[in-house]
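The values are calculated or read from the model by the stated rules, or taken from the named source; none is laboratory data. Since this is a predicted model, take the numbers as computed values, not measurements. Cβ placement follows ideal geometry from the backbone for every residue including glycine, while neighbour counts extend to all protein chains displayed. Heads up: the accessible areas ignore ligands, DNA and RNA and are worked out on the full protein's heavy atoms, side chains in. Shrake-Rupley method; radii C 1.70, N 1.55, O 1.52, S 1.80 Å.
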Amino acid sequence: MWLILAFLSAALLGFYDVFKKQSLKDNAVLPVLFLNTIFCSLLFLPFIGVSHWSPQILQDTIFYVPAAGWEAHKLILLKSFIVLSSWMLGYFAMKHLPITIVGPINATRPVMVLIGAMLLFGERLNLYQWIGVLLAVLSFFLLSRSGRKEGIDFKHDRWVFYVVLAAVMGAVSGLYDKYLMNHLNPMLVQSWYNVYQAFIMGSIIAFLWWPQRKNITPFRWKWTIVCISLFLCAADFVYFYSLSLDGSMVSIVSMVRRSSVVVSFLFGALVFREKNLKSKVIDLILVLIGMFFLYLGTN
């Protein structure tokens with residue numbers, strides 16, 4: 001069950017990347033990210049309110065947000081800072097790089113999660129799963145070759161560095177998620193970390209973006225910004241729930257989530273009309289084969 005949920009989360013995450021790319025086109029990055037955190041918070045505030053004021057309505061459902069003390073909220077607040085750091089880096093990279101480059105780079109993120117999961121949680125992979133991981137690593141090196149055809153030097157391009165660093169922070173978040181799911185309710189984590197992110201981004205907007213807004217790329221409202229939040233919240237909800245199930249492996253869930261690259265790649269080819277697709281499709285095929293081997297290994 002947890003593996004099926006991981007694939008569903010991946011599909012939703014793919015559409016999230018597509019809407020993010022469209023929203024960031026010729027637009028200011030920080031306000032888009034701020035609005036994303038606001039809309040995500042608004043989606044979860046009703047569940048927090050009902051769970052507090054009328055707990056009997058949601059108490060026996062997966063939407064119930066239990067009360068928690070400062071010790072729990074302290075852990076969730078740390079989660080907010082980690083995720084927001086990854087998002088900031090990833091949003092800037094997504095704006096300046098083709099989605100057919102960003103997606104496959106993000107697909108290598110679970111390799112970092114795997115190493116951490118082995119060290120921290122004692123997870124072990126079988127032969128099929130190792131094949132999937134190695135194919136993901138190989139795909140990264142092939143992608144760097146494709147990027148050079150578009151003038152993107154993986155060694156010196158600032159935005160490539162941003163997306164790689166975002167992937168590292170995302171891997172840290174993934175490992176931390178497994179720890180949180182072993183100690184806290186999934187809905188408690190997802191609802192409150194979104195609320196905290198909105199406050200953090202509000203401070204960043206007020207002190208960093210607003211004073212400089214006339215000297216940088218202007219912000220333009222796009223309805224796709226709302227879609228970012230909707231698909232992200234749905235993807236994360238399914239993701240957290242899958243991690244909370246017995247027997248789930250964070251290294252596998254994280255790897256499967258990266259198959260979202262299929263959705264983003266197709267949109268990059270059909271909607272955004274990005275270049276050098278023939279060479280990039282080899283990387284995509286490697287990612288898909290890697291996902292297949294992970295599925296075989298898990299079953």
Paramagnetic reach from ASP60 (point 7 Å along Cα→Cβ, amide N under 11 Å) across the range 164-189:
none
DSSP-loop trypsin sites (Lys or Arg not before Pro) across the range 1-80, with at most 16 other Cβ within 10 angstrom:
LYS25
Just to confirm, what accessible area per residue do you get for the chain at 1.4 Å probe, in whole Å²?
46 Å²
Gain in span if fully extended, VAL137 to ILE282, counting 0.36 nm per residue against the direct Cα distance:
50.9 nm
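Can you give the calculated 222 nm mean residue ellipticity of the chain, where each DSSP H run of n ≥ 4 adds -39,500 (n - 2.57) and the sum is split over every residue, rounded to the nearest 500 deg cm²/dmol?
So the helix-based figure for the chain works out to -25500 deg cm²/dmol.
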Quantify, in whole percent, the carbon and sulfur part of the accessible surface of the chain (1.4 Å probe; protein heavy atoms only).
69 percent
Could you sort out which of LYS79/LYS178; LYS95/LYS278; LYS25/LYS214; LYS20/LYS95; LYS25/LYS280 sit more than 20 Å apart by Cα distance in this structure?
LYS95/LYS278; LYS25/LYS280
Aspartates and glutamates with Cα under 19 Å of LYS222, excluding same-chain neighbours fewer than 8 positions away
ASP17, ASP26
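Dividing the Cα radius of gyration by the Kirkwood radius, what Rg/Rh value follows for the chain?
0.96
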